[in-house]
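A short write-up of the structure that comes next.
The values are calculated or read from the model by the stated rules, or taken from the named source; none is laboratory data. Keep in mind the model is a prediction, meaning the values are calculated, not measured. Cβ placement follows ideal geometry from the backbone for every residue including glycine, while neighbour counts extend to all protein chains displayed. Remember, those area values only see protein heavy atoms, side chains included, never the ligands or the DNA or RNA. Shrake-Rupley method; radii C 1.70, N 1.55, O 1.52, S 1.80 Å.
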Amino acid sequence: MAHYDVAVVGGGIIGLAHAYVAAVRGKKVIVLDRDAQSNGASIRNFGFVTITGQAAGDCWSKARRAREIWEDIANAAGINIVQRGMLLAARYGPAETIIDEFLKTDMGSECKKLTTNEAQKLVPSLRKEAGQLGLFSPHEIRVESREALPRLITFLSEKLGVVFQWNTYVHAVNAPSLSTSKGTINAEATVVCPGDDFTGLFADRLQKFDLSRCKLQMMRVTSQSNIKFKSTLLSELSLARSSGYQGLQGLSELQQQLNSEMFGQRSNDIHLIVAQSPDGSLVVGDSHHYSRTPDPFGSTEIEGYMLSEFGRVLDMPACSVSERWVGTYAWAPGRWRITDQPSDAVRLVVVTSGCGASTCFAIAEETIDDLFGSQAINK
């Protein structure tokens, strides 16, 4: 029977991050997943590693650190960074007040306010009336999730010796053994990363966190134009809903203004993100609806609200939707992540917000430090 230092249950980005951190510290690692490939929220998102707009404190700090590791991994694994930076387009008024206040904070370091002309150099199709000013952050990077995860898995397997066992259901974890649909596995430590599956391993422990799910609608838009975006684009809807701007002067006024002008978008918790892929198509989203068991259906009404905001902000005629999809991620009231300790050798890790890809590697460092000590290095 093979023995491992670390068993990771879950092959999404949170699990892969733990496998990476453990492997670079010389640990023998196995990743187990019930599916044939990573197929959940980790590949259904923007691939947008976001710092600016994350909640102050732990989340923002973790995002800064995770972004550094993403850069290293992208270079080592041949993952293409398709865009750098973030442009948030806004209008004069309360949005400008929020931006001015944000730039005074530590989180606003290296960010800057742009004029319309400066913003249009980054996103040439930006409408002047929607981008009277812009908040630019240089910190963000973006990858194509559906391409980046397979490359990361290949890198972990071929370069770092991580073993992957797909199509494997883990019935129970009783360290140092794991009971699986393909037999028993021994591991000194186990990290369980269940995503938004709350009914499997340690369901009794997860119950105390009042977990639910956030359902997203997203789409891919194609255009006949050859306009190239130099950064990922957000609209002022993001100022109104992102945790990183909470408490800033002007926020209440902006929320009231948007509630009046864009009731459909606000009532469906939409904030516009537009990220361009190498082929010129645009990943556009997203809406947010919360339920323990969301329905699996996409809504043309919600799609219409997103496209309306897209059209308000961007002048891109002859666009069409080429793909549509629904994703879900774990959500819990009052917290953005959970690290639970079922035993000394087991950790249960869930990101309960939409920032898993933005924070995963820093969370993984914390977990592996906790299990093995911060001095754990290559053997």
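Out of Glu158, Glu253, Glu101, any idea which swings most in a Gaussian network model of the chain, alpha carbons joined below 10 Å?
The residue that fluctuates most here is Glu158.
Would you kindly compute the Cα radius of gyration of the range 126-194 and its largest Cα-Cα separation (Dmax), both in Å?
21.0, 62
Checking the a/c ratio against 1.5 first, then a/b against b/c, what shape does the Cα gyration tensor give for the range 44-131?
Oblate, because a/c is 1.5 or more while a/b does not exceed b/c.
So between Glu261 and Ser308, what do we pick up on full extension, going 0.36 nm a residue minus the alpha carbon distance?
Result for the pair: 15.7 nm of gain on full extension.
Through the Karplus equation 6.51 cos²θ - 1.76 cosθ + 1.60, θ set to phi - 60°, convert the phi angles of the range 118-125 into ³J(HN,Hα) values in whole Hz; use x for Gly and Pro.
5, 5, 5, 6, 7, 10, x, 8
Report the one residue of His271, Ala36, Gln257 whose Cα lies farthest in the direction of the positive end of the charge dipole of the chain (charges on C-beta: Lys and Arg +1, Asp and Glu -1; origin at the Cα centre).
Farthest along the dipole direction, towards plus: Ala36.
Enter the accessible area per residue of the chain (Å², integer; probe 1.4 Å; all protein chains in place).
On a per-residue basis, the chain sits at 42 Å².
For the range 264-279, take each phi angle, set θ = phi - 60°, evaluate the Karplus expression 6.51 cos²θ - 1.76 cosθ + 1.60, and give the result in whole Hz per residue in order, putting x for glycine and proline.
Per-residue couplings from phi come out as x, 5, 5, 6, 9, 6, 8, 9, 6, 10, 10, 10, 8, 8, x, 7 Hz.
Just need the relative contact order of the range 226-326 here, percent rounded to a whole number, with Cα pairs under 8 Å and 6+ apart.
Rounded, it is 26 percent for the range 226-326.
Charges only on Cβ, +1 for Lys and Arg, -1 for Asp and Glu: so what's the dipole of the range 139-269 about the Cα centre, in debye to the nearest 20?
Dipole magnitude for the range 139-269 comes out near 340 debye.
What's the magnitude of the charge dipole for the chain around its Cα centre, counting Lys and Arg as +1 and Asp and Glu as -1 at the beta-carbon? Answer in Debye, nearest 20.
440
Taking the full set of protein chains and a 1.4 angstrom probe, give the accessible area of Cys193 in square angstrom, rounded to the nearest 10.
10
For the chain, take the longest principal axis of its alpha carbons; what is the angle in degrees between that and the long axis of helix 145-160, to the nearest 10 within 0 to 90?
Roughly 30 degrees between the two axes.
Report the paramagnetic label zone for Asp369: residues of the range 45-81 whose backbone N is under 20 Å from a point 7 Å from Cα along the Cα-to-Cβ axis.
The answer is 51, 55-73, whose backbone nitrogens lie closer than 20 Å to the label point.
With n ≥ 4 as the cut-off for DSSP H runs, can you work out [θ] at 222 nm for the chain, using -39500 (n - 2.57) per run divided by the number of residues, rounded to the nearest 500?
Counting only the DSSP helices, I get -9500 deg cm²/dmol.
Using the Karplus equation 6.51 cos²θ - 1.76 cosθ + 1.60 (θ = phi - 60°), what ³J(HN,Hα) coupling, rounded to whole Hz, does each residue of the range 76-93 give in order, writing x for Gly and Pro?
Per residue, the Karplus-derived 3J(HN,Hα) values read 6, 9, x, 8, 6, 8, 8, 8, 10, x, 9, 10, 10, 8, 8, 10, 4, x Hz.
Considering amide H positions built from the backbone, and no H for Pro or chain starts, which residues 5 or more places from Thr180, or on another chain, come under 5 Å of its amide H?
For Thr180, whose amide H was placed from the backbone, the distant partners under 5 Å are His171, Ile185.
Specify which residue in the list His171, Thr184, Ile363 is farthest towards the positive end of the charge dipole of the chain, using unit charges on the beta carbon of Lys, Arg (+1) and Asp, Glu (-1), about the Cα centre.
So the residue we want is Thr184.
Among bridges DSSP assigns within the chain, what percent are antiparallel (round to 5)?
75
My understanding is that a pair violates if its Cα-Cα distance is over 32 Å; which of Lys112/Lys208; Lys208/Lys230; Lys113/Lys159; Lys159/Lys208; Lys62/Lys104 do that in this structure?
From the list (Lys112/Lys208; Lys208/Lys230; Lys113/Lys159; Lys159/Lys208; Lys62/Lys104), the Cα-Cα distance tops 32 Å for Lys112/Lys208; Lys208/Lys230; Lys113/Lys159; Lys159/Lys208.
Could you work out the equivalent-ellipsoid semi-axes for the chain, taking the square root of 5 times each eigenvalue of the Cα gyration tensor, largest first, in whole Å?
Square roots of five times the eigenvalues give 37, 21, 20 Å.
How would the range 256-322 be classified by its alpha-carbon gyration tensor: rounded, prolate or oblate, with rounded meaning a/c under 1.5 and the a/b versus b/c comparison settling the rest?
It comes out oblate by the Cα gyration axes.
Which of Phe209, Ser157, Thr293 sits closest to the plus end of the dipole of the chain, meaning its Cα is farthest towards the positive end, when Lys and Arg get +1 and Asp and Glu get -1 on the C-beta?
Going by the charge dipole, the pick is Ser157.
At 1.4 Å probe size, what's the solvent-accessible area of Asp370? Round to the nearest 10 Å².
So the heavy atoms of Asp370 present about 90 Å² to solvent.
Can you give me the Cα centroid spacing of the range 172-200 and the range 26-67 in angstrom?
So the two Cα centres are separated by 20 Å.
With a/c under 1.5 counting as rounded, go ahead and sort the range 231-276 into rounded, prolate or oblate using the C-alpha gyration tensor (a ≥ b ≥ c being the square roots of the eigenvalues; past the cut-off, prolate if a/b is larger than b/c, else oblate).
oblate
Hull surface divided by four, with the convex hull built on the Cα atoms of the range 1-81: how many nm²?
Here the figure is 6.8 nm², rounded to one decimal.
Take every Cα pair under 8 Å in the range 266-379 that's 6+ residues apart, average their separations, divide by the length, and report that relative contact order as a whole percent.
15
Can you list residues from other chains, or at least 5 along the same chain, whose modelled amide H is less than 5 Å from the amide H of Tyr4?
Hits under the 5 Å cutoff: Asn186, Ala187, Glu188.
How large is the charge dipole for the range 158-207, taken about the Cα centre, if only the Cβ atoms of Lys, Arg (+1) and Asp, Glu (-1) carry charge, to the nearest 20 debye?
Here the range 158-207 has a charge dipole of around 120 debye.
Rounded to the nearest 10 degrees, what's the angle between the helix 356-372 long axis and the longest principal axis of the chain, both from Cα atoms, 0 to 90?
30
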